[in-house]
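Enquirer: Have a look at this one before I ask anything.
The values are calculated or read from the model by the stated rules, or taken from the named source; none is laboratory data. Bear in mind the structure is a predicted one, so any value in this text is a computation, not a measurement. Cβ sites come from the backbone with ideal geometry, for glycine too, and all protein chains shown count toward neighbours. These area figures cover heavy atoms from the full protein model, side chains too; ligands, DNA and RNA do not enter into them. Shrake-Rupley method; radii C 1.70, N 1.55, O 1.52, S 1.80 Å.
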Amino acid sequence: MRVAILHYHLKPGGVTRVIENTVRELLKVGVETLVFCSEQPDEKAYPFDNVRIVPGLAYNDTFTEENADRLKCELENVCRNEWGTLPDLWHVHNHSLAKNLELPVVVSQWAQEGQKLLLQIHDFAEDGRPGNYKALLVTLAGKDLNKLNQILYPVGEHVSYAFINGRDRSFFTEAGIEQESCHLLANPVWLEIDEEAQINDPKLEGKRLFLYPTRSIRRKNMGELLLWSAAADENVVFGSTMAPANPTALPIYNDWVGLADRLDLPVRFGLGERHRFDALLNASHALITTSIAEGFGLAYLEPYLIGSQLVGRDLPDITTDFAETGIRLDGLYPRLDVPIAWVGKERLRTSVHDSLFRYYQRYRQPFKKSMTEEALDSIIEGDTVDFGYLDEAMQASIIEMVSKSPSLRLNYTPEKLDCFLSDRVVDSNREAIMEHFNPQAYGERLLLIYKGLVESK
C-alpha cells in the first residue's frame with residue numbers, strides 16, 4: 001500500500017507528532033508513505049526522510065483556480081515520479097481549516113475523480129474560528145454558501161473522515177454523514193525522553209517550574225498562566241515552550257510577553273526554542289494547561305507517561321473520552337472564578353454582547369439579544385465570573401491588580417495550583433494511557449481504515 005500524507009508544515013506540535021507516529025507504525029507493516037509539507041522540517045521535530053516539499057501547501061489566505069490546479073499537479077507529479085503512479089489513498093490533515101484555501105479545492109477534485117481519501121480533522125473553522133470560516137466563505141466561495149458546501153466536505157464510499165474525539169465525530173454523524181464514514185481515531189500517545197537531559201539556565205535554578213508545553217496561540221489562554229504567576233510564591237516560575245507559528249497570532253502573544261516583562265512576572269516564554277524538550281520535562285515541578293479549547297488534548301495524557309503531575313484547567317468536552325478509559329484528571333479545575341466587581345458587570349455585558357455580535361456576524365448567522373444573556377449565564381456564578389472567558393484587556397487589568405497585591409488570590413477559586421494526584425493514581429493513569437492510546441493500537445486502527453478505503457468503490 002502507498003499512502004500520501006499531507007499537512008501544511010512539520011513544525012513541533014500535536015499534528016506533527018501524530019504524523020510521526022503514523023509513519024513509524026506504518027513502516028512496521030510495510031506501508032510506503034510520502035509526507036508532503038510546505039517547508040523542510042527540523043529533524044528534531046520529524047526524524048524520517050520521506051518528506052517531500054511542496055511550497056504550495058504553505059499557509060495562504062488568497063485563492064486562485066490556477067494555484068489550486070498547480071498544487072494538485074505538483075502533488076500528483078511527485079507521487080508519479082516516486083512510485084510511477086498515484087497513491088492508493090491520500091491522507092490529508094485539516095484540509096478544511098482555511099490555513100490554505102487551495103487545499104479544499106484540491107481535495108474536492110480528488111473526491112470527484114474517485115481518489116481514495118482519508119480526511120483527518122483536528123480542528124474546525126466552524127468551531128471558534130470565525131476568521132477562518134469567513135476566509136472559506138468569502139475568499140474561496142465568493143460568499144456563495146452552496147458553492148462552499150459543494151467543496152468543503154465531500155461524501156462518498158471512497159471518502160472517510162477521522163476524528164480525534166467523540167465530540168467532533170458527533171458533529172458529523174448528527175449532520176447526517178454515514179457513521180461508517182466517520183471514524184474515531186484518538187491520537188497515539190508516545191513520549192520517549194532522555195532522563196539524563198538537563199537544562200543550563202540560571203533563571204530556572206532552584207525554582208519550581210510549572211511548564212506549559214504548548215504553542216502560545218490565543219485559545220491556549222495565556223492570560224490565565226500569567227494570573228497564576230502574578231500570585232506565585234518566590235521560588236516558583238512558569239514557562240511556555242513555543243511562540244505562535246502563525247504571524248497573525250503574534251501581536252496578542254507579544255502583548256502578553258510585554259505585560260509579563262513590565263510587571264516583572266516569573267514567566268519564561270519560548271523555553272522550547274532554547275532548551276531540549278526532554279530537559280524541560282525533567283526540570284519541571286509539574287506541567288500546566290490553561291487552554292479553553294483543545295482538539296485531542298495530548299497535554300492531558302503525556303505528563304503521566306513520565307510520572308509527572310498535571311495541574312490547571314479541565315475541559316470536560318475533551319477529557320470525558322479519557323475518563324471513560326479510567327484516566328483520572330480530578331486535579332484539574334473546571335473554572336477559575338474571580339469577582340465580577342474586578343471588571344464591572346456592565347463592562348462585562350458590553351464586552352460579551354459586542355464579541356458575540358461580531359462572532360455571529362462573521363459566521364453569517366442571525367444574532368438575538370437573548371444570546372448575550374445565555375452566554376453570561378454560562379460564565380457567571382453568583383458574584384464571580386470565569387477568568388478564562390474574559391477578553392484580553394480585562395484579563396490584563398486583573399493580572400496587574402493581583403501582581404501588585406498577591407493576597408487577592410484569596411478572592412478567587414481555586415486560589416492555588418496544588419491539586420496533585422497520589423503516586424498510585426499517577427501510576428494507574430500511566431497504565432490506562434499505555435493500554436488505550438498506545439501507538440501500536442493506533443496503527444492497527446488506522447490500517448483497518450486504510451484497507452476499507454482502498455477496497456471501496
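Enquirer: Taking the condition of being in contact with a Ser or Thr (Cβ under 9 Å, 6 or more places away or on another chain) and in contact (Cβ under 8 Å) with a residue 60 or more places away in the chain, how many residues in segment 38-86 meet it?
Expert: Final tally of qualifying residues: 5.
Enquirer: Among the residues of segment 315-327, which ones are of a type outside the set (Gly, Ala, Ser) and either surrounded by 17 or more Cβ atoms within 10 Å (Cβ to Cβ) or closer than 20 Å to Leu185 by Cβ (or both)?
Expert: Step one: of segment 315-327, the residues of a type outside the set (Gly, Ala, Ser) are 315-322, 324-325, 327.
Matches in segment 315-327: Leu315, Asp317, Ile318, Thr319, Thr320, Asp321, Phe322, Glu324, Thr325, Ile327.
Enquirer: Filter segment 22-37 down to residues that are touching a residue at least 60 places away in the same chain (Cβ under 8 Å) and surrounded by 20 or more Cβ atoms within 10 Å (Cβ to Cβ) and give me whichever is farthest from Arg274 (Cα to Cα).
Expert: Going through segment 22-37, the residues touching a residue at least 60 places away in the same chain (Cβ under 8 Å) turn out to be 22, 24-26, 28-29, 31.
Filter again for surrounded by 20 or more Cβ atoms within 10 Å (Cβ to Cβ), leaving 22, 25-26.
Numbers: Thr22: 28, Glu25: 30, Leu26: 32 Å.
By that ranking, first place goes to Leu26.
Enquirer: Keeping to segment 201-216, report how many residues are surrounded by fewer than 22 Cβ atoms within 10 Å (Cβ to Cβ) and part of a loop (DSSP other than H, G, I, E, B).
Expert: The total comes to 7.
Enquirer: Tell me, yes or no, whether segment 217-226 has at least one residue that is basic (Lys, Arg), more than 30 Å from Asn411 (Cβ to Cβ) and crowded, with 19+ Cβ neighbours inside 10 Å.
Expert: Narrowing segment 217-226 to residues basic (Lys, Arg): 218-220.
After this cut, where a residue has to be more than 30 Å from Asn411 (Cβ to Cβ) as well, the list is none.
No, because not a single residue in segment 217-226 is basic (Lys, Arg), more than 30 Å from Asn411 (Cβ to Cβ) and crowded, with 19+ Cβ neighbours inside 10 Å.
Enquirer: Separate question: For a quick check of your reading of the model, give me the residue pairs whose first member lies in segment 273-287 and is within 17 Å of Ala232 (Cβ to Cβ) and modelled with pLDDT of 90 or more, whose second is part of a loop (DSSP other than H, G, I, E, B) and polar (S, T, N, Q), with beta-carbon atoms closer than 6 Å and at least 6 apart or on different chains.
Expert: Every condition considered, the pairs that remain are Ala286/Gln309; Leu287/Ser308.
Enquirer: Filter segment 360-398 down to residues that are in a helix (DSSP H, G or I), modelled with pLDDT under 95 and open to solvent by 80 Å² or more (accessible area, probe 1.4 Å), then give me how many there are.
Expert: 3
Enquirer: Any idea which of Lys99, Lys116 is open to solvent by 10 Å² or more (accessible area, probe 1.4 Å) and touching a Leu at 6+ places or on another chain (Cβ under 6 Å)? If you could, list the steps in order and put the result at the bottom.
Expert: Working: Lys99 fails: touching a Leu at 6+ places or on another chain (Cβ under 6 Å).
None of the others qualify; the one that does is Lys116.
Enquirer: Report, ordered by the first and then the second residue, all pairs with beta carbons closer than 8 Å, sequence separation of six or more or different chains, a first member in segment 4-15 that is in a strand (DSSP E or B), and a second member that is aromatic (Phe, Trp, Tyr).
Expert: Ala4/Phe36; Ala4/Trp90; Ile5/Phe36; Leu6/Phe36; Leu6/Trp90
Enquirer: Answer yes or no as to whether Leu263 is within 24 Å of the chain's Cα centre (by Cα), touching a residue at least 12 places away in the same chain (Cβ under 8 Å) and surrounded by 15 or more Cβ atoms within 10 Å (Cβ to Cβ). Let's see the steps before the verdict.
Expert: Working: within 24 Å of the chain's Cα centre (by Cα): no; touching a residue at least 12 places away in the same chain (Cβ under 8 Å): yes; surrounded by 15 or more Cβ atoms within 10 Å (Cβ to Cβ): yes.
When the stated conditions are applied, Leu263 does not pass them.
Enquirer: Kindly list the number of the only condition in (1) in a loop (DSSP other than H, G, I, E, B); (2) at positive phi that fails for Gly312.
Expert: All conditions pass for Gly312, except number (1).
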